[in-house]
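First comes the structure, then the notes that go with it.
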Amino acid sequence: RRIWPRFRIMICLYFLVCVGWFAIRTAHWKQVNDPAQLYYLCFLMDHGMAPYRDLLEINMPGIYLVNWSVMHSLGGGSAAWRVFDFALMGVAAWAMIVIAWPYEWLAGVFGATLFILFHGRDGAGQAGQRDFIIAVLLLCAYAFLFASFRKPRIWLMFFFGLSAGIAGTIKPTPLP
């Protein structure tokens, strides 16, 4: 049975208010944990040091690329990481809606809202974390995979592989 159009709009507006409230309440979060440490490592790499040789570090190379890109495109402060974190949430929402689209796009909106709010519930220490970046990349990979199956477009498989490959350069464990 189909949900009435007005009710669907009301639900979407409610979800938008919840996400907006989350954004307002967390905009002040500071850069802590992984992003702060990796920012410093990228700073040292910009000044001639090399990971694994000069810097004792256990992270995979993909996370350096992500952090270096954020640092050089958005800036180095906490505000840049909040922008990046919100951008990741937006990309995750897009991917969930794409995955759910042929059946019920509202399910994708609901899933995206829950994903964003659960991410926020974990606190400032989880903003910009490697696992969050990997989760968003794998959501994108599946969105491209499902889109390529629904409408046979082989070029979408390239983006599936690219998203999954980048996730594997951050941590190899999610790929299997």
Sort out which residues of segment 24-43 are open to solvent by 30 Å² or more (accessible area, probe 1.4 Å), of a type in the set (A, V, I, L, M, F, W, C) and not in a loop (DSSP other than H, G, I, E, B), and write them in order of number.
Ile24, Ala36, Phe43
Within segment 55-64, tally of residues that are in contact with a helix residue (DSSP H, G or I) (Cβ under 8 Å, 6 or more places away or on another chain) and over 19 Å from Ala141 (Cα atoms)
6
Which count do you get for residues in segment 76-96 that are touching a helix residue (DSSP H, G or I) at 6+ places or on another chain (Cβ under 7 Å), over 22 Å from Ala36 (Cβ atoms) and open to solvent by 50 Å² or more (accessible area, probe 1.4 Å)?
1
Among the residues listed as Pro152, Pro176, Pro172, the single one being touching a residue at least 24 places away in the same chain (Cβ under 8 Å), open to solvent by 40 Å² or more (accessible area, probe 1.4 Å) and of a type outside the set (D, E, K, R):
Pro172
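How many residues are assigned to a loop (DSSP other than H, G, I, E, B), under 24 Å from Gly168 (Cβ atoms), open to solvent by 20 Å² or more (accessible area, probe 1.4 Å) and not basic (Lys, Arg) when one looks only at segment 44-73?
6
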Test Phe118 against the criterion of being over 24 Å from Tyr40 (Cβ atoms) and either among the aromatic types (Phe, Trp, Tyr) or touching a strand residue (DSSP E or B) at 6+ places or on another chain (Cβ under 6 Å) (or both), and give yes or no.
yes
Test of understanding: among Trp81, Trp101, which residue is over 20 Å from Ala167 (Cβ atoms) and in contact with a Gly (Cβ under 8 Å, 6 or more places away or on another chain)?
Trp101
Test Leu117 against the stated conditions and say whether it is open to solvent by less than 40 Å² (accessible area, probe 1.4 Å) and in contact with a helix residue (DSSP H, G or I) (Cβ under 8 Å, 6 or more places away or on another chain).
no
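The values are calculated or read from the model by the stated rules, or taken from the named source; none is laboratory data. The structure displayed is predicted, hence computed values, not measured ones. Note: ideal-geometry Cβ built from the backbone for every residue, glycine included; neighbour counts use all protein chains shown. SASA here: full protein model, heavy atoms, side chains in, ligands and nucleic acids out. Shrake-Rupley method; radii C 1.70, N 1.55, O 1.52, S 1.80 Å.
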